[in-house]
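What follows is a single structure, written as structure tokens, with notes after it.
The values are calculated or read from the model by the stated rules, or taken from the named source; none is laboratory data. Here the structure is a predicted model, which means the values were calculated and not measured. Note that each Cβ is placed from the backbone with ideal geometry, even for glycine, and that neighbours are counted across all protein chains shown.
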Amino acid sequence: MDGAARALCHRLTHPCDLDLLMYFSRHPLALLTRKDLSRGVGYHRRHIKASVDALVAAKLLQRCSSTGRPRAELYRFTPGVWTTVLPGLLQFASSADGRQQLFQALQS
């Protein structure tokens, strides 16, 4: 893993961060509630909130509140400065071995 990939991984602190990152890479524009996200990736809503905040802070995700659906937010996947690093990381995370290694790294 190169320096940029390591820098990105240091911004991810919980397995939920990685799962949401993968989710939003597949759904780059989505209007969802935290409950929707919780069902989509399988984590408790408090983990969803913390992970969304981490992805926003890393400039990987933008969000804005909606006036239509109760408590729904519009999420936009924005790789920004991570554009060159993200495809390799997501590909690595897509394999069972890669996912396990990343989860272990996040937990240590």
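Return the pairs, sorted by first residue and then second, in which the second residue is among the basic types (Lys, Arg) and assigned to a helix (DSSP H, G or I), the first residue lies in region 89-105 and is under 14 Å from LEU8 (Cα atoms), the beta carbons are less than 6 Å apart, and the residues are 6+ apart or on different chains.
Here the result reads ALA93/ARG99, each pair linking region 89-105 to a residue that is among the basic types (Lys, Arg) and assigned to a helix (DSSP H, G or I).
Which count do you get for residues in region 82-97 that are farther than 12 Å from LEU61 by Cα and outside any loop (DSSP other than H, G, I, E, B)?
Adding up the residues that qualify gives 11.
Restrict the check to region 3-12 and report whether at least one residue is within 13 Å of the chain's Cα centre (by Cα), of a type in the set (A, V, I, L, M, F, W, C) and surrounded by fewer than 12 Cβ atoms within 10 Å (Cβ to Cβ).
For region 3-12, residues within 13 Å of the chain's Cα centre (by Cα), of a type in the set (A, V, I, L, M, F, W, C) and surrounded by fewer than 12 Cβ atoms within 10 Å (Cβ to Cβ): absent.
Mind listing just one residue for me: the one in region 51-81 that is within 16 Å of CYS16 (Cα to Cα) and in a loop (DSSP other than H, G, I, E, B) and, of those, modelled with the lowest pLDDT?
ALA58
Just name the residue that is modelled with the highest pLDDT out of those in region 20-46 that are in a helix (DSSP H, G or I) and in contact with a Ser or Thr (Cβ under 8 Å, 6 or more places away or on another chain). Full working, then the answer.
Pass one, region 20-46, residues in a helix (DSSP H, G or I): 20-26, 34-41, 45-46.
From what's left, in contact with a Ser or Thr (Cβ under 8 Å, 6 or more places away or on another chain): 20, 22, 45.
On the way: LEU20: 95, MET22: 92, ARG45: 91.
The qualifying residue modelled with the highest pLDDT is LEU20.
Could you tell me which residue of region 13-62 is surrounded by the fewest Cβ atoms within 10 Å (Cβ to Cβ), considering only residues that are more than 18 Å from GLN107 (Cα to Cα) and among the small types (Gly, Ala, Ser)?
ALA57
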